[in-house]
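*Asks:* Can you read through this structure? Questions will come right after.
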Amino acid sequence: MGIANQNDLATVRDGQPAYLLLIDGFIIQDPDNEDLLLAGARLYDTYASVFVDDVQRAARLSTKAHDYGRRALCQSHPNVCQYEKGAFEDFSREIATVENKNLPQLYGYATAWVGWIQAHSSDFRAVAELPKVELTFERIVTLDERYERGQAQLYLGVLRTLRPPALGGKPEVGRAHFERAIEYSEGRNLYVKVEYARRYARLMFDQELHDRLLNEVLTADPEENGLTLSNMLAQKQARQLLASSAAYFED
């Protein structure tokens, strides 16, 4: 997708709404087209999570992303959607039926879902769905641990470093996922290192690791097919995190 290869964040911020309207029109004309639904989920999720600061607007846009992601997967696996709000055991059984041929749909569903939870993080009912999202990403890495150059590993790294060990978190498991994501992208997904620093290094108060990861991001070439936009965002956030490093770790 051309947007993923764009190296100017402002251009994407200003131009992407036109693509959102365009993809909506295509989906209205062909509502069961899985490729269009996945594209819509990806576009809305990216725009809502990266470029929208207004909480209510981000919630609306992420809801549309989640809806498109659900529709893409649940044409072939309707019981996944049926049990999404139901018991964990029922949902777990249905997710286990998704096979490799539906990995793109499963991944699109999972990423849009976690974006929706992030945009609704003030709602306990939304946050309570995180175990099911984590299970969905686990299914992805079971099917193909290198999928999308380790992107599912990145999501699992974030999910498993949300809490410190004293509160039941699994930061060392999360660290292993971050390391795999770096390996599977051959170090070219710079956003992995930003999240590694933000989620794990700060959680564990490891300033040496934190600053090393972020400096590696800033000295890297951000141009990479399919990752350029993400890498430009990573460098922007790396500068911000480094600027607050001393204050964070001294406190």
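*Asks:* Yes or no: region 99-107 includes at least one residue that is closer than 29 Å to Ala87 by Cα, crowded, with 17+ Cβ neighbours inside 10 Å and more than 16 Å from the chain's Cα centre (by Cα).
*Replies:* Taking region 99-107 as the starting set, the residues that turn out to be closer than 29 Å to Ala87 by Cα are 99-107.
Pick out the ones that are also crowded, with 17+ Cβ neighbours inside 10 Å and you get 102-103, 105-107.
In the following step, the residues that additionally are more than 16 Å from the chain's Cα centre (by Cα) were identified as 102.
Yes, some residue in region 99-107 is closer than 29 Å to Ala87 by Cα, crowded, with 17+ Cβ neighbours inside 10 Å and more than 16 Å from the chain's Cα centre (by Cα).
*Asks:* What single numbered condition from (1) touching a Leu at 6+ places or on another chain (Cβ under 9 Å); (2) within 22 Å of Val52 (Cα to Cα) fails to hold for Val98?
*Replies:* The single condition Val98 does not satisfy is (2).
*Asks:* Go through (1) in a helix (DSSP H, G or I); (2) within 26 Å of His77 (Cβ to Cβ) for Pro31 and report which single condition fails.
*Replies:* Here Pro31 clears every test but (1).
*Asks:* Give Arg212, Arg199, Arg163 a once-over and let me know the one that is closer than 19 Å to Ser49 by Cβ and among the basic types (Lys, Arg). Let's see the steps before the verdict.
*Replies:* On the way: Arg212 fails: closer than 19 Å to Ser49 by Cβ; Arg163 fails: closer than 19 Å to Ser49 by Cβ.
When all the criteria are applied, what remains is Arg199.
*Asks:* Please name all residue pairs, on different chains or six or more residues apart, with Cβ atoms under 8 Å, provided the first residue is in region 131-148 and is more than 19 Å from Arg188 (Cα to Cα) and the second residue is part of a loop (DSSP other than H, G, I, E, B).
*Replies:* Lys132/Glu84; Glu134/Arg160; Arg139/Ala96; Arg139/Val98; Leu143/Val98; Leu143/Glu99
*Asks:* Can you report the number of residues in region 193-234 which are closer than 24 Å to Asn5 by Cα, over 17 Å from the mean Cα position of the chain (by Cα) and part of a helix (DSSP H, G or I)?
*Replies:* So the count comes out to 7.
*Asks:* Tell me, which residue of region 119-160 that is of a type in the set (S, T, N, Q) and at pLDDT below 95 is surrounded by the most Cβ atoms within 10 Å (Cβ to Cβ)? Don't jump to the end; show me each part of the working.
*Replies:* Of all residues in region 119-160, those of a type in the set (S, T, N, Q) come to 121-122, 136, 142, 151, 153.
Now drop any that are not at pLDDT below 95, which leaves 121-122.
On the way: Ser121: 11, Ser122: 9.
For region 119-160, the residue satisfying everything is Ser121.
*Asks:* Applying the selection to region 25-59, what residues are basic (Lys, Arg) and in contact (Cβ under 8 Å) with a residue 12 or more places away in the chain? Spell out the reasoning first.
*Replies:* Looking only at region 25-59, we keep the residues that are basic (Lys, Arg), and these are 42, 57.
Arg42, the sole residue that qualifies.
*Asks:* Of all the residues that make up region 79-112, how many are part of a loop (DSSP other than H, G, I, E, B) and not small (Gly, Ala, Ser)? Reasoning before the result, please.
*Replies:* Restricting attention to region 79-112, the residues satisfying the condition of being part of a loop (DSSP other than H, G, I, E, B) are 83-87, 96-99.
Adding the requirement that they be not small (Gly, Ala, Ser) leaves 83-85, 97-99.
Going through region 79-112 one residue at a time, the tally reaches 6.
*Asks:* For a quick check of your reading of the model, give me the residue pairs whose first member lies in region 65-79 and is in contact (Cβ under 8 Å) with a residue 24 or more places away in the chain, whose second is surrounded by fewer than 24 Cβ atoms within 10 Å (Cβ to Cβ) and assigned to a loop (DSSP other than H, G, I, E, B), with beta-carbon atoms closer than 6 Å and at least 6 apart or on different chains.
*Replies:* His77/Val98
*Asks:* Which one of these is surrounded by 16 or more Cβ atoms within 10 Å (Cβ to Cβ) and either within 16 Å of the chain's Cα centre (by Cα) or under 20 Å from Phe137 (Cα atoms) (or both): Val12, Val52?
*Replies:* Details: Val12 fails: either within 16 Å of the chain's Cα centre (by Cα) or under 20 Å from Phe137 (Cα atoms) (or both).
On inspection, the qualifying residue turns out to be Val52.
The values are calculated or read from the model by the stated rules, or taken from the named source; none is laboratory data. Computed from a predicted model, the values in this text were never measured in an experiment. Positions of Cβ are generated from backbone atoms using ideal geometry, with glycine treated the same way; all protein chains shown enter the neighbour counts.
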